[in-house]
Amino acid sequence: PATRHRGRRRTALVAAGSTVAAGAAVVAIILATTSGSPGDDKAGGSPSASGSASVSAPESGASTPAGTPSSTVEGTSRPRSLPPGAHEEAGGFAWATPTGWRRDVKTGAEVHYTSPDGKQELAAKSSLARGDLMETWRTSEQNAHQGQDYAKIRLEETTFRDHPAVVWEYTFTLDGIPWHAQLLGFNAGDKSYQINTWYQPDTETQALKTYEKVKDSFTVL
């Protein structure tokens with residue numbers, strides 16, 4: 001879901017700065033055309049090419065300083081507890097990302113990580129929750145039909161740690177290369193969160209293992 005710019009905006013399907021980015025076109029359009037769950041002006045993200053600008057990723061084994069301490073029964077304070085290897089992001093969440101992946105911050109609330117071989121991208125973001133979660137994503141899915149060879153696998157309601165959630169899975173093609181996308185969005189309080197991935201089918205087994213680990217570590221702060 002993230003729309004990028006390449007000089008000037010071609011369409012909501014063109015993700016900027018990289019060849020692969022244009023391919024998550026399908027995701028780009030969904031998050032660019034809706035607010036709330038799938039995304040605002042920018043969203044879940046699209047695969048990024050290795051040449052796009054980025055900053056080095058923090059080691060997955062090192063956590064950032066704990067945030068606001070919580071009080072104990074005795075009245076003392078202790079650091080916030082995070083899953084092993086998880087680090088905090090500015091979007092109000094923490095997760096444990098793979099070591100050695102390129103980190104690319106899209107907005108203060110949205111960040112992407114791309115594998116060294118460029119065959120998988122992970123993205124997470126937060127935004128204000130607006131309207132019905134499923135309706136928002138359904139509208140985005142309708143717009144996504146503009147993507148090349150877009151094919152929906154599923155778009156359905158679910159739960160994520162007892163929070164109302166939506167999962168959207170589909171495939172698309174970019175420059176003759178097939179891609180598989182899995183997006184998860186959920187509402188917690190007055191905020192909406194996304195944990196997304198795009199990967200090339202030949203890496204599916206490992207890509208899904210990586211995605212599951214990241215989802216398991218995802219913590220709302």
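The values are calculated or read from the model by the stated rules, or taken from the named source; none is laboratory data. Worth saying up front: this structure is predicted, and the values here are computed from it rather than measured. All Cβ positions, glycine included, derive from the backbone under ideal geometry; neighbour counts span all protein chains shown. The protein model used for the area step is the full one, side chains on, heavy atoms only, and it has no ligands, DNA or RNA in it. Shrake-Rupley method; radii C 1.70, N 1.55, O 1.52, S 1.80 Å.
Averaged per residue, region 66-221 has 46 square angstrom of accessible surface, using a 1.4 angstrom probe with ligands and nucleic acids left out. Over all orientations, region 85-158 has a Cα convex hull whose mean projected area works out to 6.7 square nanometres. Over region 162-221, with every protein chain in place, what whole percent of the accessible area is carbon and sulfur at 1.4 Å, could you tell me? Whole-percent figure for carbon plus sulfur exposure: 50. Using a simple spin-label model with pseudo-atoms 7 Å out from Cα toward Cβ, A90 and E212 lie 3.4 nm apart.
When peptides 193-202, 126-135 are sorted by average Cβ neighbour count within 10 Å, with the highest value leading, the order is 193-202, 126-135. Magnitude of the charge dipole for region 105-221, about its Cα centre and with charges confined to Cβ atoms of Lys, Arg (+1) and Asp, Glu (-1), is about 280 debye. Rg ratio for region 131-176: its Cα radius of gyration over 2.2 N^0.38 Å, N being its residue count, equals 1.31.
Can you tell me how region 87-221 classifies by the Cα gyration tensor, rounded, prolate or oblate, using a/c under 1.5 as the rounded cut? In terms of gyration-tensor shape, oblate. Label sites at D202 and E135, each approximated as a point 7 angstrom past Cα along Cα to Cβ, lie 4.5 nm apart.
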